[in-house]
1. Relative to 2.2 N^0.38 Å, what does the C-alpha radius of gyration of the range B:7-120 come to as a ratio? Two decimals please.
2. Using a basic spin-label model with each label point 7 Å from the Cα along Cα→Cβ, how many nm lie between B:Ala100 and B:Ala37?
3. Convex hull over the Cα atoms of the protein assembly as shown, averaged projected area in nm²?
4. Give the nm distances, rounded to one decimal, from B:Arg61 to the matching residue in every other copy, measuring between label points 7 Å along Cα toward the beta carbon; shortest first.
5. Pop the C-beta distance of B:Glu2 and B:Asp69 into the FRET formula with R0 = 35 Å and round what comes out to the nearest 0.05.
6. Using a label position 7 Å from Cα in the Cα→Cβ direction, what is the ascending list of nm distances from A:Asp27 to the same site in the other copies?
7. Find the relative contact order for chain B and round it to a whole percent, using C-alpha pairs within less than 8 Å whose residues are 6+ positions apart.
8. Return the whole-Å distance between the Cα centroid of the range A:33-98 and the Cα centroid of the range B:60-124.
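What follows is calculated from the coordinates using simple rules that are stated; it is not laboratory data. For clarity, every value in this text was computed on a predicted model and none was experimentally measured. No Cβ is skipped: glycine too gets one built from the backbone with ideal geometry, and neighbour counts run over all protein chains shown.
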2 protein chains.
Amino acid sequence: MECDPIGTVHTPFETTSEAPRQGIHDDAAGVLDLDPAYREGLRGFDGDRIVVVWWADRADRSVLALDRDPDRGVFTSRSPARPNPVCVTACSVASVDTAAGRLRLRGVDMADGSPVIDLKAPLD
Amino acid sequence: MECDPIGTVHTPFETTSEAPRQGIHDDAAGVLDLDPAYREGLRGFDGDRIVVVWWADRADRSVLALDRDPDRGVFTSRSPARPNPVCVTACSVASVDTAAGRLRLRGVDMADGSPVIDLKAPLD
């Protein structure tokens with residue numbers, strides 16, 4: 001199952017270790033740029049929250065136990081280190097430019113430059 | 001970016017069109033079977049909620065506009081039809097057998113037989 005990047009997210013964090021554990025508890029600002037081919041997918045967006053699905057491209061995919069607690073498996077956590085490093089972060093939307101495919105976000109927790117693979121409306 | 005299936009989810013829904021729009025609003029029961037190689041990742045799981053990340057393998061990946069409203073892009077929705085059909089469903093856990101890698105879930109909205117690519121703890 002092959003995922004294609006739809007864009008890139010820019011954040012203050014060089015690695016996921018530096019990032020807050022869950023973006024929503026922090027207020028870090030980031031910028032998400034959609035690739036031109038995918039900008040149409042944002043048409044009509046008028047929400048103040050969005051779910052960013054991103055790929056932790058520097059994460060260790062070989063681990064099944066938590067580094068900080070080897071008695072617990074990775075599926076009991078939200079750590080980016082896991083077999084498929086698909087991460088899900090609910091962010092606030094500070095501004096959106098649908099024509100340019102650019103979202104200014106708050107509450108980011110991605111490593112800078114991480115590929116984005118999907119955007120979704122938040123759950124009601 | 002290649003995703004490997006870590007297991008399969010069995011639900012009452014033959015297609016995602018039959019499934020409730022958001023599992024959490026419904027109470028449908030499903031069974032998630034982890035592949036043997038990934039069962040260790042569930043060790044220590046004792047929660048009553050889990051986030052299932054699954055792959056809508058029958059979804060149309062070519063669409064950028066919503067079928068039901070062509071003026072809105074797919075990134076304004078949670079429809080499974082999108083460039084990377086990665087879906088995220090928060091489920092209740094009715095029972096868990098970590099040795100067998102089997103979770104009995106409530107609130108499923110996946111099409112029967114969908115590949116699972118990740119499991120996560122819910123956000124606090």
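1. On the way: Rg = 14.4 Å, N = 114, 2.2 N^0.38 = 13.3 Å.
Relative to the 2.2 N^0.38 Å estimate, the range B:7-120 comes out at 1.08.
2. My value for the distance between the label points is 2.3 nm.
3. Values: hull surface 47.6 nm².
Averaged projected area of the protein assembly as shown's Cα convex hull equals 11.9 nm².
4. So the distances to the same position in the other copies read 1.5 nm.
5. Numbers: r = 33 Å, r/R0 = 0.93.
It comes out at approximately 0.60.
6. 4.1
7. Values: 274 pairs, mean separation 53.3, N = 124.
That works out to 43 percent.
8. 14
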